[in-house]
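Structure record follows, encoded as structure tokens.
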Amino acid sequence: MTKTLSYLLLGLIALTAPLAAQTIEGAITIPSEFDIHDRGWAQLRDLEEVSEFLFALVEAMAMTAAIAFHPRIVARRRGSNDWDLPRSMFLYALIGLVVGFLVIHHGVLIGFVVFGIGGLFRFRMETLSASDTALMIFVALIGLSIGLDLPVMALLLTIAAAVVLSVFSRQLHISIEIKFDNTEDFTGKVARLRDALSAEGFATRTVTKSKFKPFAEIVLSTSEESPSEALAATLTKHQAKPDSGIEDWHIE
């Protein structure tokens, strides 16, 4: 039995040796030079690299838009987090672009540093939203670029992030939970509430009703910077109306 196993092992080694040799020959080799190159503000004179970054930025944003605004993705939006998802997708696409660009143009060492920072963030990110997590990574990359004496990359990243945030933060999305009374005309109650909210600048995006219960989750959008107080005042005012049918409400 032992001799048979020995023959089998020898045969297996003979079969896999050429494959192993081929793998070794074609393996990716990590360069021995780990220095960070092309540092300082003098990089601004490298118009070729700056233009390459801007072109790559346009490519990444265009391809991300094809996914973020795909009709199937838009149709699946329900809660407020779903409406904020496109912003997170663009932020993460920008993060991936910047990491790859830094590694290609300024040294492999940056990739190891970025992954090390990601390991430190892992313990904190569980309590943050996707957008907040992306912002944390953004400021870490900006600080990393400054620390590596790559201020031009930090500047370009800051400008790109500011543009993405300004475009996708114009509308804030808020989720509210409404408890209606048990009387009929649920649709009419929701319609009257929608009209009252619309008059105060709150657009209704989605309405989700709980099964067999007079509860509804409504996702609103507004351009107000601090809409919570105005929304609470609007709900309180509408609840006082005799035909509102609202027993209680909660702003998430």
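Here is how the numbers come out for the structure above:
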| item | result |
| --- | --- |
| Residues within the range 198-231 that are in contact (Cβ under 8 Å) with a residue 40 or more places away in the chain and over 26 Å from the mean Cα position of the chain (by Cα), tallied | 1 |
| Those helices (runs of 4 or more DSSP H) lying entirely in the range 32-135 with at least 3 residues at pLDDT 75 or above and surrounded by 15 or more Cβ atoms within 10 Å (Cβ to Cβ) | 47-68, 80-106 |
| Number of positions in the range 198-208 that are surrounded by fewer than 18 Cβ atoms within 10 Å (Cβ to Cβ) and touching a helix residue (DSSP H, G or I) at 6+ places or on another chain (Cβ under 7 Å) | 3 |
| Scan of the range 192-223 for residues that are closer than 17 Å to Asp181 by Cβ and assigned to a helix (DSSP H, G or I), ordered by number | Arg192, Leu193, Ala196 |
| Selection count, the range 172-197, where residues are under 23 Å from the mean Cα position of the chain (by Cα) and either of a type in the set (Ser, Thr, Tyr) or loosely packed, with under 15 Cβ neighbours inside 10 Å (or both) | 1 |
| Residue satisfying all of: in the range 160-178; of a type in the set (Gly, Ala, Ser) and part of a helix (DSSP H, G or I); farthest from Thr234 (Cα to Cα) among these | Ala160 |
| Of residues in the range 144-168 being touching a helix residue (DSSP H, G or I) at 6+ places or on another chain (Cβ under 7 Å) and without any contact (Cβ under 8 Å) to a residue 24 or more places away in the chain, the one surrounded by the most Cβ atoms within 10 Å (Cβ to Cβ) | Ala154 |
| Given (1) surrounded by 17 or more Cβ atoms within 10 Å (Cβ to Cβ); (2) within 15 Å of the chain's Cα centre (by Cα); (3) modelled with pLDDT of 75 or more, index of the condition Val139 fails | (1) |
| Breaking point among (1) at pLDDT 75 or above; (2) over 30 Å from Trp41 (Cβ atoms), for Leu157 | (2) |
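The values are calculated or read from the model by the stated rules, or taken from the named source; none is laboratory data. Bear in mind that the values here come from a model prediction, so they are computed numbers and not experimental data. Neighbour counts are summed over all protein chains in view; Cβ atoms, including those assigned to glycine, are modelled from backbone coordinates with ideal geometry.
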